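Take this structure first; my questions come after.
What follows draws every value from the coordinates through simple rules; no lab data is involved. Everything numeric in this text was worked out from a predicted model, so none of it was measured. Quick reminder, even Gly has a Cβ in these numbers, built from the backbone with ideal geometry, and neighbours come from all protein chains shown.
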Amino acid sequence: MLAEMAAPAIRTVDLTKDYGLGRGLFDLDLTIAGPEVFGYLGPNGAGKTTTIRLLMGMIRPTAGSAWIFGLDCVREAVEVKRKVGYLPGDVPQFGSLRGSEVVAYLGGMRGGVDRKNVRSIAERFELDLSRRFREYSSGNKQKLAILLAFMHKPQLLILDEPTSSLDPLNQKEFYALLREARDEGATVFLSSHVLSEVQRVCDRVGIIRDGRLIILSDLVELRGETSLEEIFLSYFSEPTDKALKP
């Protein structure tokens, strides 16, 4: 237990997933000790979701290794999933289940959750858990996905494009929830292609391009040199930078 507590939240060494033709993730060396909000920034197709799927043990690497709190992401994937609050880029479909039933089902798999915390998050996002999932709008489905990631107060949150489908007011509420989690000791790995989002909530940033990490820096240090937007755009020539949302 002590060794696990001393281990960084995320560590990768030469992590690679080669899909061929230059597509995938290559030689990722990354350590995130936390607590912090780490922004993983890049255009669509840069390798952000591939990184997350490797961390969650959903796909196997071509080479290299990844660990979550010292747990091997391949050999100990089940235990990793118990420790992480995960929000996928594509929200799973829960059909006719009510929001409360989805919460109960996934909460039971994690050994139970704090009902008071569930109720608090649902109220903050004005999410009606009595409705069936198939009746939810895309925005409400995203709110439920956020609740499922945060409800058990994990020490690590891995979030893939978490504000998609959220209106500006709910985005603001999400950012507040994110900061509260970090202040309570959690580490957040936030994948995004929205530049303003990363600037707003992150402590450190990694910029990925064509499957390779090209910048890893404290956000304050980057701001001290020049604007993050100037740095970002200097690495992404047309038409790649059209995928960004400044």
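I need M56, M109, M151 ordered by Cβ neighbour count within 10 Å, fewest first.
The fewest-first ordering by Cβ neighbours comes to M109, M56, M151.
How do I59, I121 line up, fewest other C-beta atoms within 10 Å first?
The order, fewest Cβ neighbours first, is I59, I121.
Which value, in nm² and rounded to one decimal, describes the direction-averaged projected area of the C-alpha convex hull of the chain?
13.4 nm²
Between A63 and D210, what's the calculated FRET efficiency when r is the beta-carbon distance and R0 is 22 Å? Round to 0.05.
0.80
Something else now. Within the chain, what percent of beta bridges assigned by DSSP are antiparallel, to the nearest 5?
Bridges in the chain that DSSP calls antiparallel: roughly 50 percent.
Over the chain, calculate the relative contact order: mean separation of alpha carbon pairs under 8 Å at least 6 apart, over the residue count, as a percent.
This gives 27 percent for the chain.
While we're looking at this one, here's another question. If R0 is 35 Å, what FRET efficiency do you get for D114 and D18 from their C-beta distance, rounded to 0.05?
0.25
While we're here: Less than 12 Å from a label point 7 Å out along the Cα-to-Cβ axis of E101: which backbone N atoms in the range 128-155 qualify, by residue?
Only 130-135 fall inside the zone, counting backbone N under 12 Å.
Is the range 106-179 best put as rounded, prolate or oblate by its Cα gyration tensor, with a ≥ b ≥ c the root eigenvalues, rounded for a/c under 1.5, and otherwise prolate when a/b is larger than b/c, oblate when not?
Oblate is the answer for the range 106-179, as a/c is 1.5 or above yet b/c matches or exceeds a/b.
So if each residue of separation counts as 0.36 nm, and I subtract the Cα-Cα distance between S137 and S165, what length gain in nm does that give?
Result: 9.2 nm gained on full extension.
Next up: Testing the spin-label approximation: label points 7 Å from Cα along Cα→Cβ at S130 and Y175. State their distance in nm.
3.3 nm
Given a cut-off of 24 Å, name the pairs among K116/K172; K17/K143; K48/K83; K17/K141; K81/K141 whose C-alpha atoms lie farther apart than that in the structure shown.
Going by Cα-Cα distance, K17/K143; K17/K141 fall outside the 24 Å limit.
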